[in-house]
Amino acid sequence: MNPDYYKDEHYRTIIHVDLDCFYAQVEVMKNPELKNVPFGVQQKNIVVTSNYLAREFGIRKCMLLSDAKQMCPNLVLVNGEDLNDYRSMSYKVTSLLQKYSNSVERLGLDENFIDVANLVDEKLQDNTFQVHSVGNIFGNIETLCQCGCEVRLKVASLIAEEMRKLIYEELGLTSCAGIAHNKLLAKIVCSKHKPNQQTVIFPNSALELMLSLNSVENIPGIGKATSEALRTINIRTIQDLQNIAISELNKLFDSEKAKFLQNLSYGIDKSLVKRSGKPLSIGLEDSCKLISAEKEVKEKLTELLKRLLILVEADGRIPKTIKLTVRKFDKLTKTSRRETRQSNINPHLFTSGKVALMNSGNVDKILITLMGLFRKIVQVRRPFHITLLGLSFNKFNERPDIRRSLALFLRKDLEVQSITSIENLNSNDSSPESAAPSPSSYRESSDQECEPTPKRTKLNMFKRNLMEYDKCESPCKLRVQDLQLNSEKHDNNQNISCPPSVDESVFKELPLDVQHELWSEYKRTRNELVNFGNRAKRVKGNTLLNYFVKK
Ligand code: DGT
Ligand code: MG
């Protein structure tokens, strides 16, 4: 093998994080009494995982319920068919890991690969950084490679320790980590010491690690079909796969796959950590006893939709399409067939308030769409039998940042109401920050929208705040003072209520400081009305309060 190939490959620095008995840990959070009893998480008649106490009795993942009960008669069982809590915790873990690298790849609900090569480079530039490794080391360390990979992997082991600590401190979950120069080795070595431990492997021990797997079906990346195909040419062990002539593998697989498989047996994996985005679709489906009436279909869809809205809420995006899946059962032929139909939905249904607490009117609107889709799939005037219903949202828009849209709303107003003043101010203001707004924005303004020019000092202050807003890296950094135009200073401890003209459900969702701002503005307007009656000037332009006034 070309030594340069190894050298380049060794540059990579990958951490694999796997949460310990994931579903079980989430269940303990919901019911701490489970902590000290052996328990399993059940889906249908299978124990999909168990806590480590139950594993001491021999309980293994995906064991039949009956076998598990025989092994451990005191085994407590928890239903784990609703994945909502697991899914939302899973995304929280990934978000924490994304603090360390842009390249985070999710695998299932409880595993993540993180490429930390850049972070390792950064740490190594700091001369005061003390390089050492933490946790377990797989294999022997007497013949370490001299290319520098050893130092990099040691630094990565320190980063892995920090990640696991963060996951524990922030979310209360313990995890394992594997550290290696590729994804394959990182994943395999991660499982060598469990639970709540981490293990690093240096490239010189790659072969030893692969041989420790015994059978090819234990290699991540080799599924059931591939291992069955390999068995037809008598390949069962890792050594079998290493020793077979590639021409033999080519009889079963294309040349790319044949090479890929043989590489795996040597611990070689060139695949990159693929950055995981948000899921392309968010969906749920439930198999059910025969449903033969439209009323029952509607009830089931209502239940599914409410559960799905909780997931959409956690995801944060605004759905644009909804898809219905139906499995029809034919009593004559005793066969089932799945069919799907999808439809656009109005994104405005999701734009105010909490999605999960969507008002019943909006839920009903979505249900009307769903029942329309259902009638396209099923001829409801004839007898029908449904054994599964599923719903998913598939296209999404990002939710706009409320502060950013507020600032843009107010900035437009500033441009409209103060063309002359800004020009005048600019000519007097020597501050380099105070560049004039672009002339094109003037042209868009219309005279009808103009209102009296605000006082010069306030305008000046507001303009400076907007300049600061422009300099913000992220709109989230916009402070509430930046939005304070003509508002009185408020005492943080004062009571605030929702102004009568504002939708209360929207108000409740706003950050506290924006609520303060709205309430202050409402009080100021109300006082003016009390003090000046009809002489009080109603502010028609883009004020914060007007932004939220019910249409
Ligand atoms: P660990 O990592 O050995 O400490 O234990 P877990 O429970 O984290 O197991 P893992 O990492 O293989 O899988 C993560 C979760 O995924 C696990 O808590 C339950 C679920 N799960 C695992 N295997 C299966 C399966 O074959 N079917 C189903 N439905 N769920 C599974
Ligand atoms: Mg796990």
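So that you can scan it fast, the table gives a plain yes or no per residue for (1) closer than 26 Å to L185 by Cα; (2) part of a loop (DSSP other than H, G, I, E, B):
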residue: E9; (1), (2): yes, no
residue: V17; (1), (2): yes, no
residue: V28; (1), (2): no, no
residue: V41; (1), (2): no, no
residue: V47; (1), (2): no, no
residue: L53; (1), (2): no, no
residue: G58; (1), (2): no, yes
residue: D67; (1), (2): no, no
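Look at (1) among the hydrophobic types (A, V, I, L, M, F, W, C); (2) closer than 27 Å to P279 by Cα; (3) out of contact with any helix residue (DSSP H, G or I) (no Cβ under 7 Å at 6 or more places or on another chain) and you find that M358 fails only one, number (3). Considering only the stretch 27-54, state which residues are within 30 Å of S133 (Cα to Cα) and either near ligand 1 (Cβ under 8 Å from one of its atoms) or of a type outside the set (A, V, I, L, M) (or both). Result: N51, Y52.
Regarding E142, is this residue in a helix (DSSP H, G or I) and away from ligand 2 (no atom under 16 Å from the Cβ)? Spelling it out, it is not the case that E142 is in a helix (DSSP H, G or I) and away from ligand 2 (no atom under 16 Å from the Cβ). Restricting the stretch 223-251 to residues that are open to solvent by less than 70 Å² (accessible area, probe 1.4 Å), aliphatic (A, V, I, L, M) and under 40 Å from the mean Cα position of the chain (by Cα) leaves a set whose member that is nearest to S212 (Cα to Cα) is I238. Scanning the stretch 154-176 for residues that are farther than 13 Å from S133 by Cα and either part of a loop (DSSP other than H, G, I, E, B) or in contact (Cβ under 8 Å) with a residue 12 or more places away in the chain (or both) yields a count of 11. The set of residues in the stretch 95-113 that are within 16 Å of ligand 1 (Cβ to nearest atom) and of a type outside the set (G, A, S) comprises L97, E105, R106, L107, L109, D110, E111, N112, F113.
Run down E150, E105 and say which single residue is outside any loop (DSSP other than H, G, I, E, B), within 16 Å of ligand 2 (Cβ to nearest atom) and not polar (S, T, N, Q). Just one listed residue meets the conditions, E105.
Does N74 qualify as being open to solvent by 60 Å² or more (accessible area, probe 1.4 Å) and either closer than 26 Å to K187 by Cα or more than 14 Å from ligand 1 (Cβ to nearest atom) (or both)? Yes; evaluated as a whole, the condition is true for this residue.
Within the stretch 109-127, being farther than 21 Å from I167 by Cα and open to solvent by less than 30 Å² (accessible area, probe 1.4 Å) holds for no residue.
Of the listed requirements (1) open to solvent by 60 Å² or more (accessible area, probe 1.4 Å); (2) assigned to a loop (DSSP other than H, G, I, E, B); (3) within 16 Å of ligand 2 (Cβ to nearest atom), Q130 misses just one: (3).
Filtering the stretch 331-353 to residues that are under 23 Å from K300 (Cβ atoms) and touching a strand residue (DSSP E or B) at 6+ places or on another chain (Cβ under 7 Å) leaves S336, R337, R338, E339, T340, R341, Q342, S343, N344, I345, F350.
Residues S90, S101: which one is under 20 Å from L184 (Cα atoms) and either at pLDDT below 95 or not assigned by TED's automatic domain parsing to the domain that holds G178 (or both)? Just a single option satisfies the conditions, and that option is S101.
The values are calculated or read from the model by the stated rules, or taken from the named source; none is laboratory data. Note that the coordinates shown come from a computational prediction; the quantities given were computed from them, not determined experimentally. Please note: Cβ atoms are built from the backbone with ideal geometry, for glycine as well, and neighbour counts cover all protein chains shown. The area values use the complete protein model at the heavy-atom level, side chains included, leaving out ligands, DNA and RNA. Shrake-Rupley method; radii C 1.70, N 1.55, O 1.52, S 1.80 Å.
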